[in-house]
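Once you've had a glance at the structure underneath, I'll fire off some questions.
The values are calculated or read from the model by the stated rules, or taken from the named source; none is laboratory data. Just so you know, these numbers come straight off a predicted model, no measurement behind them. Note that each Cβ is placed from the backbone with ideal geometry, even for glycine, and that neighbours are counted across all protein chains shown. Protein only, heavy atoms only, side chains kept; ligands, DNA and RNA dropped before computing areas. Shrake-Rupley method; radii C 1.70, N 1.55, O 1.52, S 1.80 Å.
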Amino acid sequence: MEAGAASRDLMDKNTYQMQFTNDLSQLGLNKTYLCYEVELLDSNSWVPLDDCRGFLRNQPGLHAELCLLDLVPSWHLDPTKRYRFTWFLSWSPCPDCAQKVVAFLERNSHISLHIFAARIYDYRERYEKGLRSLQGAGAQVAIMTSTEFKHCWRTFVNNKGCLFVSWNRLNMNSQNLKMRLQSILENGNN
DNA sequence: ATTTTCAAT
């Protein structure tokens with residue numbers, strides 16, 4: 001068995017394909033999934049922590065990012081060491097969650113955060129400000145490309161040995177979203 | 001002009 005894949009739960013592949021699409025014409029994407037990884041800085045290299053890898057989805061009344069923050073204490077990370085969290089989100093954080101994640105990062109200066117979002121959650125007012133505040137707190141915010149979709153497929157999905165298969169316009173959608181995000185992040189402070 | 005998103009019917 002592959003190292004680290006031992007007793008870890010994997011996401012159903014249909015769920016992954018459905019939920020992590022970046023095709024904005026898809027309807028009914030009313031849940032958010034979050035795949036997460038943690039790495040520890042050891043000398044000069046980042047070492048993946050297999051026990052701190054997995055996925056979750058939002059619970060009623062609790063957005064996925066906050067579910068993740070609730071999980072962090074159970075990992076018993078050493079505050080004298082440096083960690084990097086990487087999140088792959090099907091929807092980017094809403095402004096409220098962004099604020100809470102910013103506060104988390106401020107309280108935990110030994111943790112840095114990279115966020116990749118499949119889609120931009122622009123339903124809520126001032127979502128742009130939330131994304132900018134994350135960036136302002138030192139988080140890297142980016143759009144998932146085929147590289148990340150493939151990585152998640154290999155890492156978090158019960159792929160039954162199948163290779164990742166791209167969907168129509170994956171790259172085009174990703175590029176469009178990337179340009180939108182870039183414009184949001186570059187666009188002032190309001 | 002169109003329409004949706006961490007549900008609600």
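May I ask you to give the solvent-accessible area per residue for region A:125-190, in square angstrom, as obtained with a 1.4 angstrom probe? Could the numbers behind the result be given before it?
Details: 4020 Å² over 66 residues.
Each residue of region A:125-190 exposes 61 Å² on average to a 1.4 Å probe.
Still on this model: Write down the percent of antiparallel bridges among all DSSP beta bridges whose residues are both part of chain A, to the nearest 5.
Values: 16 of 30 bridges.
Counting only bridges with both partners in chain A, antiparallel ones make up about 55 percent.
A further question on this structure: With a cut-off of 8 Å between alpha carbons and a minimum separation of six or more residues, what is the relative contact order of chain A in percent?
Averaging sequence separation for qualifying contacts and normalising by length gives 22 percent for chain A.
What percentage of the solvent-accessible surface of chain A, computed with a 1.4 Å probe over protein heavy atoms, is contributed by carbon and sulfur atoms? Display every interim value, and only then the final one.
Working: 5050 of 10560 Å².
Of all accessible area on chain A, carbon and sulfur atoms account for 48 percent.
Here is a further query. Dipole size in debye (nearest 20) for region A:38-130 around its Cα centre, Lys and Arg Cβ +1, Asp and Glu Cβ -1? Write down the numbers at each step before the final one.
Values: 11 positive and 12 negative charges, 32 e Å.
For this selection, approximately 160 debye.
Another question about this same structure. Simple spin-label model, 7 Å along Cα-to-Cβ: A:Met179 to A:Gln99 in nm?
3.3
Ok, one more. Dipole of region A:11-187 (Lys/Arg Cβ +1, Asp/Glu Cβ -1, origin at the Cα centre): which of A:Ala64, A:Trp91, A:Gly136 lies farthest to the positive side?
Going by the Cα projections, it comes out as A:Trp91.
With N residues in chain A, what two-decimal value do you get for its Cα radius of gyration over 2.2 N^0.38 Å?
Values: Rg = 16.2 Å, N = 190, 2.2 N^0.38 = 16.2 Å.
Rg over 2.2 N^0.38 Å, computed on Cα atoms: 1.00.
Here's another thing I want to ask about it. Tell me, what is the FRET efficiency for A:Leu71 and A:Ser146 to the nearest 0.05, using R0 = 35 angstrom and their Cβ-Cβ distance as r?
Values: r = 28 Å, r/R0 = 0.80.
It comes to 0.80.
Distance between the C-alpha centers of region A:53-88 and region A:111-180? Whole Å please.
One Cα centre to the other: 17 Å.
How high is the FRET efficiency from A:Asp50 to A:Asn14, r the C-beta distance, R0 30 Å, rounded to 0.05?
Values: r = 25 Å, r/R0 = 0.84.
Using R0 = 30 Å, I get an efficiency of 0.75.
Report the local net charge at A:Leu163: Lys and Arg +1, Asp and Glu -1, summed over other residues whose C-beta lies under 10 Å from its C-beta. Don't jump to the answer; show the numbers that get you there.
Numbers: positive: A:Lys150, A:Arg154; negative: none.
Charge balance in the 10 Å sphere: +2.
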